[in-house]
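Visitor: Here you go, one structure.
The values are calculated or read from the model by the stated rules, or taken from the named source; none is laboratory data. A quick note: this is a predicted structure, and the numbers were derived from the prediction, not measured. No Cβ is skipped: glycine too gets one built from the backbone with ideal geometry, and neighbour counts run over all protein chains shown. Keep in mind that these areas ignore ligands, DNA and RNA; they rest on the heavy atoms of the full protein, side chains included. Shrake-Rupley method; radii C 1.70, N 1.55, O 1.52, S 1.80 Å.
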Amino acid sequence: MSSPPPPPPPAERTTHANIKTSAVGIAEQHASALSQIETLPSVPPPCLGEIPLAHKTAPLAERLGDPAYGDVVCASTRGLVDVGPLKELVVRGHGFPEPGRPGGGASEPTTLWDAPFAAASNVRITRPSHDAWGIKSVVLLFCDDFMEAVYEMPWWHDEAALGGYGGGGSFKEAVRPILEALGLEGGGERRLVRMLLASMPPGVTIPVHHDTGSWVRKSHRVHVPVITDPANVMFRCGGGREEDMVRVQCDEGRVFEMNNQAKHAVSNCSGEYRVHLILDYVDAADVDAIVKRRVKLDPGEVVYQTRRSIDRERDAGKRRTPSFLIIGAQKAGTTSMYEYLNQHPLVINAKRRETHFFDWRWVKSLKTVREQ
């Protein structure tokens, strides 16, 4: 097996909370993982069934003084399944370096991992931190942070969009054993809110963090290793402190749920790319109250994303324009002002509090005051 390359330059900005984003911080964590990879034992998560959402009401780092803290479940094995059909669908091209990454070429063959091919036959979804770390994605289902809408990608709802790729197989059939292990087969599919495959390059560390967003406390997070070298990948999860984390055994086909309000991190210390299927689903009793819409996107459709929202390009201009805007900066009190205004009986909460007009949604073709 080839020796792992040194960790690539990490992103300085990320959507995760409480994360050490500096180059030094991530490099130190990767070096620590390399030093422990042969000695720190991995533990199969116990079979504890579904993790109650009551264990995810807040980041565990904020619950250290809670008397119930010690009873919180951080990882649970939900089943062991055959991921062979899924692996056959995604194995080709999963390990090609991204252009611009260390060892990356100018192009790669047309596969499901090829960004231009995916943008044309599926829909391009960005994941800023993961994209910056060179983690490639095959996205099947995605939702905004508030789960107002779940977007079904063409590769999920339309087998024809795959164009016969993978010998005529489909993702729905390939993941069926996983859904059965989770009790989501048949009508349970409507409980799914996110599903993607992530290919993590060798030598990369996703540093210690917990996930953020409204969706976290309302959904169950599941990982399924599809292509991996478990002896040389360190996936750690558990508790609200780094010292509480344990190394999770990530053998291919292990379906395990993790509490993503707990601290977790992963280091690929192998010389090969690692692929996990990652999905999120909501409780059956909550699905109608939480998910307002399920939208089937067309091949090549364009969506606009901010950190918390997703909008279709074709819907641009359909909403009423605001009568006034408040322009603020971070920590300038605009959130408090927003909450105060919403207390008035004649004020209706905005669908989106921050428009991100000047950063995420800035249209570069607009003229500046100096240019006018």
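Visitor: Would you please give the residues with an amide H less than 5 Å from that of G169, counting only those at least 5 places away or on a separate chain, with H modeled from the backbone geometry?
Guide: It is none; the list stays empty.
Visitor: Compute the accessible area per residue over the chain, keeping the other protein chains in place, probe 1.4 Å, unit Å².
Guide: Accessible area per residue: 50 Å².
Visitor: Using Cα-only point scatterers and the Debye equation, what is log10 of I(q)/I(0) for the chain at each q in 0.13, 0.15 Å⁻¹, rounded to two decimals?
Guide: Results for the chain at q = 0.13, 0.15 Å⁻¹ read -1.17, -1.55.
Visitor: Here is a follow-up. I'd like to compare 156-164, 350-358, 188-196: which one has the highest average count of other Cβ atoms within 10 Å, and what's the full order after that?
Guide: Working: 156-164: 15.6, 350-358: 12.9, 188-196: 20.6.
Going from most to least packed, we get 188-196, 156-164, 350-358.
Visitor: While we're on this one: Report, in listed order, any pair from K56/K136; K56/K296; K172/K296; K136/K318; K136/K172; K263/K331 with a Cα-Cα distance greater than 24 Å.
Guide: Check vs 24 Å cut-off fails for K56/K136; K56/K296; K136/K318; K263/K331.
Visitor: Give the carbon-plus-sulfur fraction of the accessible surface of the chain in %, rounded to a whole number; probe 1.4 Å, heavy atoms of protein chains only.
Guide: Here it works out to 54 percent.
Visitor: Moving to a separate point now. From the helices alone, meaning DSSP H stretches of at least four residues, give me the mean residue ellipticity at 222 nm for the chain, per-run term -39500 (n - 2.57), in deg cm²/dmol to the nearest 500. Mind dumping the intermediate values first?
Guide: Details: 10 runs with 66 residues, N = 372.
Computed mean residue ellipticity for the chain: -4500 deg cm²/dmol.
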